[in-house]
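S.K.: Structure provided below as structure tokens; questions to follow.
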Amino acid sequence: QVQLVESGGGLVQAGGSLRLSCLASGRTFNWYAMGWFRQAPGKEREFLAAITWGGTLSYADSVKGRFTISRDNARNTLYLQMNSLKPEDTAVYYCAATRGVRILLPNEYDNWGQGTQVTVSS
């Protein structure tokens, strides 16, 4: 099993940038894809971006062109670079790993980090 720990969240002004990190430990190669999700109060958990073991990238329309997912295999770390942040981006951000192939669906993921809060002020 893989353990995931997010970091890098915080308070940022609208239009600013943040880079989130997700450090993986344990059985780090026992997954097909890793992704980033977010959840705001009263809303469903939302898919943002994913990268497969083979390097295929997927993005939600809401963040395409603003967010970039990447990984550093040597450091066992997943990243989410977030630019042009908006107040509606305010949420708890989670990284996750899956051995399934339906990588756009939160229920496909069975390994989750604890989340990191991102707050964007107007």
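The values are calculated or read from the model by the stated rules, or taken from the named source; none is laboratory data. Since this is a predicted model, take the numbers as computed values, not measurements. Positions of Cβ are generated from backbone atoms using ideal geometry, with glycine treated the same way; all protein chains shown enter the neighbour counts. With ligands, DNA and RNA removed, areas are computed over all heavy atoms of the protein, side chains included. Shrake-Rupley method; radii C 1.70, N 1.55, O 1.52, S 1.80 Å.
S.K.: Need a quick list: strands (runs of 3 or more DSSP E) entirely within the range 65-122 having at least 2 residues that are free of Cβ contacts under 8 Å to residues at least 40 places away in the same chain.
M.R.: Where strands (runs of 3 or more DSSP E) fall fully within the range 65-122 and carry at least 2 residues being free of Cβ contacts under 8 Å to residues at least 40 places away in the same chain, they are 67-72.
S.K.: I would also like to ask the following. If Gly55 satisfies all but one of (1) of a type outside the set (A, V, I, L, M); (2) free of Cβ contacts under 8 Å to residues at least 40 places away in the same chain; (3) in a strand (DSSP E or B), what's the number of the condition it fails?
M.R.: (3)
S.K.: Okay, moving on. Checking Gly42 against (1) touching a Leu at 6+ places or on another chain (Cβ under 6 Å); (2) within 18 Å of Gln117 (Cα to Cα), which single condition isn't satisfied?
M.R.: Only one criterion in (1) touching a Leu at 6+ places or on another chain (Cβ under 6 Å); (2) within 18 Å of Gln117 (Cα to Cα) is unmet by Gly42, namely (1).
For (1) in contact with a His (Cβ under 6 Å, 6 or more places away or on another chain); (2) open to solvent by 70 Å² or more (accessible area, probe 1.4 Å); (3) at pLDDT 95 or above; (4) on the phi < 0 side of the Ramachandran plot, each residue gets a yes or a no:
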position: Arg45; (1), (2), (3), (4): no, yes, yes, yes
position: Ala49; (1), (2), (3), (4): no, no, yes, yes
position: Phe67; (1), (2), (3), (4): no, no, yes, yes
position: Ser70; (1), (2), (3), (4): no, no, yes, yes
position: Asn73; (1), (2), (3), (4): no, yes, no, yes
position: Gln81; (1), (2), (3), (4): no, no, yes, yes
